[in-house]
1. Which of the residues spanning region 68-83 are in contact with a helix residue (DSSP H, G or I) (Cβ under 7 Å, 6 or more places away or on another chain) and assigned to a helix (DSSP H, G or I)?
2. Test residue 207 against the stated conditions and say whether it is buried (at least 20 other Cβ atoms within 10 Å of the Cβ) and closer than 30 Å to residue 18 by Cα.
3. Would you check if residue 101 is within 14 Å of residue 203 (Cα to Cα), assigned to a helix (DSSP H, G or I) and among the basic types (Lys, Arg)?
4. Taking region 73-124, which residues are over 21 Å from the mean Cα position of the chain (by Cα), surrounded by 16 or more Cβ atoms within 10 Å (Cβ to Cβ) and not β-branched (Val, Ile, Thr)?
5. Please work out which one of (1) aliphatic (A, V, I, L, M); (2) closer than 16 Å to residue 123 by Cα; (3) modelled with pLDDT of 95 or more is the condition residue 176 fails and give its number.
6. Quick one: in region 30-62, which of the residues that are of a type in the set (Gly, Ala, Ser) and assigned to a helix (DSSP H, G or I) is surrounded by the most Cβ atoms within 10 Å (Cβ to Cβ)?
7. Against the definition (assigned to a helix (DSSP H, G or I), surrounded by 18 or more Cβ atoms within 10 Å (Cβ to Cβ) and free of Cβ contacts under 8 Å to residues at least 60 places away in the same chain), how does residue 196 come out, yes or no?
8. Look at residue 56 and say whether it is farther than 21 Å from residue 217 by Cα and in contact with a helix residue (DSSP H, G or I) (Cβ under 8 Å, 6 or more places away or on another chain).
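The values are calculated or read from the model by the stated rules, or taken from the named source; none is laboratory data. The model shown is predicted, which means the values in this text are computed figures rather than measured ones. Note that each Cβ is placed from the backbone with ideal geometry, even for glycine, and that neighbours are counted across all protein chains shown.
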Amino acid sequence: MDNLNIGRHISGQFNEDLERVINHVMQMGGLVQKQVTDSLQAVSEADEDLAKQVLANDYQINNFEVSIDDECTRIIAKRQPAAGDLRLILAIIKTIADLERIGDEAEKIAEVATESFSKSQQDLLNSLENLGNRVASFLQATLDCFTRMDAEAAIEAHKMDSKIDKEYEALMRQLMTYMMEDPRSIPQVMSVIWSARALERIGDRCQNICEYIIYFVKGKVVRHTSPEDM
């Protein structure tokens with residue numbers, strides 16, 4: 001906790017409550033990151049077993065969200081935090097909601113690896129690789145920012161979403177062209193499109209978490225604010 005932008009409190013129990021919650025968020029973030037990484041690996045390697053493992057593990061993320069939300073509710077009821085402490089609790093509650101949604105998007109990506117693609121259509125799955133790598137890097141950077149509660153780093157990481165959006169748009173054009181050239185591939189292309197859309201949404205969720213970090217540290221709401229104005 002000393003490494004975070006979080007003050008110490010006279011109440012040792014309050015410090016312990018905050019540390020426990022933050023540790024649980026970090027554990028949840030690590031699990032979410034693994035789900036995303038595994039889902040991308042399952043797609044790139046056409047590993048159906050790994051994809052099924054991702055689908056089976058989603059309940060753990062859901063359990064984390066419910067548990068951490070309950071902990072935050074108890075802290076608010078018992079400690080009645082104000083100012084920065086209350087901002088921290090609110091940032092955590094919002095962050096775990098977005099982490100849970102990222103887990104859901106990882107599920108959607110993994111589901112593609114359970115579908116049938118011919119060898120000639122394998123390049124459709126490979127087309128997700130660049131976007132997936134960029135999104136995975138954004139998620140890593142976001143979790144690092146949360147670990148340190150580093151607002152300046154969060155502002156820089158926030159900018160990564162624009163590159164993801166451009167990559168996503170380019171991929172959509174590529175997939176649309178593929179469908180027009182080979183109408184028989186439409187079912188498979190649509191599955192890849194849904195996966196690409198899931199990756200783009202993960203980027204949006206990471207952007208949200210960066211904004212929560214800035215809100216906690218700076219006390220300013222930066223939603224709907226351009227990166228320059230941040």
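1. Residues of region 68-83 that are in contact with a helix residue (DSSP H, G or I) (Cβ under 7 Å, 6 or more places away or on another chain), as a first pass: 68-69, 71-72, 75-76, 79, 81.
Within region 68-83, 68, 69, 71, 72, 75, 76, 79 meet the criteria.
2. Numbers: buried (at least 20 other Cβ atoms within 10 Å of the Cβ): yes; closer than 30 Å to residue 18 by Cα: yes.
Yes.
3. Yes.
4. 79, 81, 85, 117, 121, 124, listed by residue number.
5. (3)
6. Residues of region 30-62 that are of a type in the set (Gly, Ala, Ser), as a first pass: 30, 39, 42, 44, 46, 51, 56.
Now restrict to residues that are assigned to a helix (DSSP H, G or I): 30, 39, 42, 44, 51, 56.
Details: 30: 11, 39: 30, 42: 26, 44: 16, 51: 24, 56: 10.
That would be 39.
7. Details: assigned to a helix (DSSP H, G or I): yes; surrounded by 18 or more Cβ atoms within 10 Å (Cβ to Cβ): yes; free of Cβ contacts under 8 Å to residues at least 60 places away in the same chain: no.
When the stated conditions are applied, residue 196 does not pass them.
8. no
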